[in-house]
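The values are calculated or read from the model by the stated rules, or taken from the named source; none is laboratory data. Please read these numbers as outputs of a predicted model, since none were measured by experiment. Using ideal geometry, Cβ is built from the backbone for each residue, glycine included, and neighbour counts are taken over all protein chains shown.
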Amino acid sequence: MKRYLFTSILIISIATSLFGQKQHEGLVKVKGTRLTYPLVRKWIAEFNKDYPSIKVTIAQQSPADSIDLNLAAYSIVDGDLAEPKEFVSITRYVQLPVANNKREGLAALQAKGFTASDLNALYFSSDKPNFLTASQSPITLYTRERPACAAITFAKHYGNDPKSIQGVGVKGDDQDLAKAVKEDVNGISFNNLGFTYDVNTRKVTEGLAVIPLDLNENGHVDKDEQVYESLDELITFIEKTNHPKFVTENVNAVFDKSKQNDAAGIFLLWVLTKGQQYNHALGFLGVEQNILNTQRKKVSANFKTSSASCTLTPTTATKRTKKSN
């Protein structure tokens, strides 16, 4: 009897949800930091299954005033946005130092790891880094040609002005940055997890090697710091420890409160609920629960959205619970 009652409730819930969704339609244009696009495309594909009448598109070439959600992968603080602009945090990303996997002395460098002072010396000082005495290979340092979001985050993490970052400037995006390192045996750079790791195999991308962080800065990477074997192991470690030595930052969706595109609000609320389950698969971190709750309230306060239309269905909630056990 209980099973029949649960099934009936589930059917009614799904039917109600589907009926509500059919009433929603519209167009949502998104653009911004391209390192987020693999995840955004996944979100769009899954969102379209729930809201087929709302078209969400990445509109990189569209004029700024036509964009509903502008993705900024750097910290936004008071004073950065003028009225009527607002933002919500929708995911988090991580950056790691990477090298060419054929680099001479790579094993020794990985055993030692990078400290914060090593990375400061590499990217923001004219002094020769101390660790180079242990490796005879020269370094070709790569960075983005212009201070993009990831470079801004990297520089600020180490207390530096993004304009002072050193290295050979690479045109394009973070995928082009990874390519530059793959093609240069002496190449070293930094990149986000989604390009450092192959999201299908969950292993480090062919041609690249991660340089671990010496988290306790004792001169070598301890056993409990060796967490780079797989993308999932690393994500679990970072989310569990929130270790401050990792370069992490929020991805924020900036919107204009005066435009009132309710379809954009529905998409945002979906991203902050059902969409979060896809973050890890594409190499992104989840947003912490207390922050998620705050972001959802912010969306609901600025858009006409139905909270019921964006909550997890019983079927989805059951699947996620089973997976986490």
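Here are the numbers for the structure shown:
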{"item": "The lone exception for PRO52 - which of (1) assigned to a helix (DSSP H, G or I); (2) closer than 18 Å to LYS274 by Cβ it fails", "result": "(1)"}
{"item": "Qualifying residue in region 209-225 (condition: among the β-branched types (Val, Ile, Thr) and closer than 27 Å to ALA148 by Cα)", "result": "yes"}
{"item": "Failed item, numbered, when VAL185 is tested on (1) hydrophobic (A, V, I, L, M, F, W, C); (2) surrounded by fewer than 18 Cβ atoms within 10 Å (Cβ to Cβ); (3) in a helix (DSSP H, G or I)", "result": "(3)"}
{"item": "Test: LEU272 is touching a Lys or Arg at 6+ places or on another chain (Cβ under 6 Å) and under 28 Å from LEU193 (Cα atoms)", "result": "yes"}
{"item": "Subset of region 202-240 that is of a type in the set (Val, Ile, Thr) and within 22 Å of THR36 (Cα to Cα) - its residue that is surrounded by the fewest Cβ atoms within 10 Å (Cβ to Cβ)", "result": "THR236"}
{"item": "So VAL199, is it in contact (Cβ under 8 Å) with a residue 12 or more places away in the chain, more than 26 Å from ARG41 (Cβ to Cβ), surrounded by fewer than 22 Cβ atoms within 10 Å (Cβ to Cβ) and among the β-branched types (Val, Ile, Thr)", "result": "no"}
{"item": "Total residues in region 283-320, condition in a helix (DSSP H, G or I) and either under 24 Å from VAL199 (Cβ atoms) or at pLDDT 55 or above (or both)", "result": "17"}
{"item": "Failed condition for LYS257, given (1) over 30 Å from LYS102 (Cβ atoms); (2) surrounded by 17 or more Cβ atoms within 10 Å (Cβ to Cβ)", "result": "(2)"}
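Here is a yes/no grid of residues against (1) under 27 Å from THR140 (Cα atoms); (2) assigned to a strand (DSSP E or B):
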position: GLU206; (1), (2): yes, no
position: ASP224; (1), (2): no, no
position: PHE237; (1), (2): no, no
position: VAL251; (1), (2): no, yes
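For every residue, the table says whether it meets (1) among the charged types (D, E, K, R); (2) crowded, with 21+ Cβ neighbours inside 10 Å; (3) in contact with a Gly (Cβ under 9 Å, 6 or more places away or on another chain); (4) outside the structural domain of VAL227 (by TED's automatic domain parsing).
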position: HIS24; (1), (2), (3), (4): no, no, no, yes
position: LYS29; (1), (2), (3), (4): yes, no, no, yes
position: PRO63; (1), (2), (3), (4): no, no, no, yes
position: ASP68; (1), (2), (3), (4): yes, yes, no, yes
position: ARG103; (1), (2), (3), (4): yes, yes, yes, no
